[in-house]
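Asker: Below: one structure in structure tokens.
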Amino acid sequence: MLYGYLYLFSIPVHGKDLYACYNSLLALFQGVLECFQARAYWFEDGAFEEDFDIADPILAKYEVREA
């Protein structure tokens, strides 16, 4: 069981099998902040853009891995 965790997923984008699990909002926000600082996230013409090659390893540091 994974009670007490925060799940972040987007069914339209990734389907129902892919999601990220964080143990707190702080962990999620730290990952997002680090992605912006590394320029993995940015806004272009009002649209959110992401460089997955940069963002994925950063976010993996903060995600909770299921056993």
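Asker: Please state the Cα pair-distance histogram of region 23-67 with 10 angstrom bins from zero: what percent is in each bin?
Answerer: Pairs per bin, as whole percents: 29, 48, 20, 3, 0.
Asker: How would you order 42-48, 20-26 from highest to lowest mean count of nearby Cβ atoms within 10 Å?
Answerer: Values: 42-48: 7.6, 20-26: 14.1.
My ranking of the peptides, most packed first, is 20-26, 42-48.
Throughout, read-outs are computed from the coordinates displayed, never taken from laboratory work. What you see is a predicted model; the values in this text were computed from it and never measured. Neighbour counts run over all protein chains shown; Cβ positions are idealised from the backbone, glycine included.
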